[in-house]
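*Asks:* Take this structure, written in C-alpha cells, and hold onto it; I'll ask about it next.
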Amino acid sequence: MRDLASDLRHCAINTATLGFREPIEVVIDAVARTGFGAIAPWRREIEGHDIRAIARRVREAGLAVTGYCRSTYIPATDRAGFAANIEANRRAIDDAAVLGAGSFVLVVGGLPAGSKDISAARTQVAEGTALLHEHGKARGVRIALEPLHPVYAAERSCLSLLSEALDICDRIEGGAKDPWLGVCLDAYHVWWDPNLARDVARAAKRILGYHVCDWLVPTQDVLNDRGMMGDGIIDLRAIRSLVEDAGYDGFVEAEIFSTLNWWKRPIDETLAACRERFATAT
Ligand code: ZN
C-alpha cells in the first residue's frame, strides 16, 4: 500500500469538503499550499465563470483535476426531460475537458417526480450512461459512475451497488483494456457492501476515482454529517488496500459534506485536518 504520510501528492481534495464558502481561486491556492496533488471542483464553482482561466490557475498551482462533480440527474418523467438532462451533462463534459479532469462523475439520480418505478429509472440511467460515454470519448473525458448508499435511492441515485455499476460498464463497453467508462468508488457509500472485496477486484482498471470520509455513529444527517477520516466506523485502510490491490494508483480524495462541523471551520483548518488524517487514518 502506498504511504500517504510520506507523499501527500497522492491525495486530493474534493471542494465539497470546504463547504463552497470561498471562491474557487481561493480554494485552489489553499489546496495547493497545503501540499495536496489534486482537486475536484463542482459545477457550481465553474459554470458561469471563466473556465479557461480556472483551468490555468489549477495547472499553475501544480494541481491535477481528479473528477469534475457532478452530473445532472438522468431520469426524467418524459423523453423531453431525459433529453434535456443528457444535454446538460454533455455541456458539463465539455467543461470537464477544458479543466483536464480525469473523469466526469455521474451521480445518476433517483426516481423522477411522481414515479414509483425504480426499474424504469434504472433503464434511463443505462441509456443515458451510454450516450454520455460516447460524448466523453469524443471529448477525451472518462465517465465515472458513482454508486451511492441505498438510503439515497429515491432522490439521488437509483444506482446503489458497485456490481450494478460494473454491469452497466460491461454492457456498454465490454471488457475494455483501457476503459473510458468506469466507477468512482466512495468509501462512505460502499463500506457496508458484503461483496465489496469481490467487486473491487472485478472493477480493476475501471476504478477511476476513490473518495474517502467516514461514517459517524450516530449520524445526524446521512447527507451532510459525514466525518473526517478516522472519526467513524469505516475501515478506510482495509478498503484502500482492496482498491490499490485491484491496481488503482490514482488519487485518494477527501470528500466531506459536513454542515455541522467541518464547514463551520476556516478552510485551512479543515485542510490541515485532512492532511493529518490521510497520514494516520486513511
Ligand atoms: Zn463521492
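The values are calculated or read from the model by the stated rules, or taken from the named source; none is laboratory data. Not measured: the values here are computed from a predicted model. Cβ coordinates were reconstructed from backbone atoms using ideal geometry, including for glycine residues, and neighbour counts include every protein chain displayed. Surface areas here come from the heavy atoms of the whole protein model, side chains and all, with no ligands, DNA or RNA. Shrake-Rupley method; radii C 1.70, N 1.55, O 1.52, S 1.80 Å.
*Asks:* Tell me whether segment 175-183 contains one or more residues that are aliphatic (A, V, I, L, M), within 30 Å of Glu276 (Cβ to Cβ) and part of a strand (DSSP E or B).
*Replies:* Within segment 175-183, one or more residues are aliphatic (A, V, I, L, M), within 30 Å of Glu276 (Cβ to Cβ) and part of a strand (DSSP E or B).
*Asks:* Within the bounds of segment 164-175, is there any residue that is within 18 Å of the chain's Cα centre (by Cα) and open to solvent by 50 Å² or more (accessible area, probe 1.4 Å)?
*Replies:* No, every residue in segment 164-175 fails to be within 18 Å of the chain's Cα centre (by Cα) and open to solvent by 50 Å² or more (accessible area, probe 1.4 Å).
*Asks:* Additional query: Restricting to segment 180-195, name every residue that is away from the ligand (no atom under 12 Å from the Cβ) and either within 12 Å of the chain's Cα centre (by Cα) or crowded, with 24+ Cβ neighbours inside 10 Å (or both).
*Replies:* Result: Leu181, Gly182.
*Asks:* For segment 144-151, does any single residue satisfy the condition of being at negative phi, within 16 Å of the ligand (Cβ to nearest atom), hydrophobic (A, V, I, L, M, F, W, C) and surrounded by fewer than 17 Cβ atoms within 10 Å (Cβ to Cβ)?
*Replies:* Yes, because at least one residue in segment 144-151 is at negative phi, within 16 Å of the ligand (Cβ to nearest atom), hydrophobic (A, V, I, L, M, F, W, C) and surrounded by fewer than 17 Cβ atoms within 10 Å (Cβ to Cβ).
*Asks:* Among the residues of segment 216-225, is there at least one that is within 13 Å of the ligand (Cβ to nearest atom) and within 18 Å of Glu164 (Cβ to Cβ)?
*Replies:* Checking segment 216-225: not a single residue is within 13 Å of the ligand (Cβ to nearest atom) and within 18 Å of Glu164 (Cβ to Cβ).
*Asks:* Please work out if Ser157 is within 16 Å of the ligand (Cβ to nearest atom) and in contact (Cβ under 8 Å) with a residue 24 or more places away in the chain.
*Replies:* yes
*Asks:* Among residues belonging to segment 225-257 that are closer than 20 Å to Tyr68 by Cα and either of a type in the set (Phe, Trp, Tyr) or more than 15 Å from the chain's Cα centre (by Cα) (or both), point out the one that is surrounded by the fewest Cβ atoms within 10 Å (Cβ to Cβ).
*Replies:* This residue is Asp249.
*Asks:* Among (1) away from the ligand (no atom under 16 Å from the Cβ); (2) touching a residue at least 24 places away in the same chain (Cβ under 8 Å), there is one condition Asp170 misses while meeting the rest; what is its number?
*Replies:* Unmet condition: (2).
A quick yes/no check of all residues on (1) closer than 30 Å to Leu131 by Cβ; (2) buried (at least 17 other Cβ atoms within 10 Å of the Cβ); (3) within 16 Å of the ligand (Cβ to nearest atom):
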position	(1), (2), (3)
Arg21	no, no, no
Val26	no, no, no
Ala38	yes, yes, yes
Ile46	yes, yes, no
Glu60	no, no, no
Thr66	yes, yes, yes
Ala84	yes, no, no
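*Asks:* Also, quick follow-up: Evaluate segment 267-277: report whether one residue or more is within 15 Å of the ligand (Cβ to nearest atom) and open to solvent by less than 50 Å² (accessible area, probe 1.4 Å). Steps first, please.
*Replies:* Keep residues of segment 267-277 that are within 15 Å of the ligand (Cβ to nearest atom), which gives 274.
Right, trim to open to solvent by less than 50 Å² (accessible area, probe 1.4 Å) and you get 274.
Yes, segment 267-277 contains at least one residue that is within 15 Å of the ligand (Cβ to nearest atom) and open to solvent by less than 50 Å² (accessible area, probe 1.4 Å).
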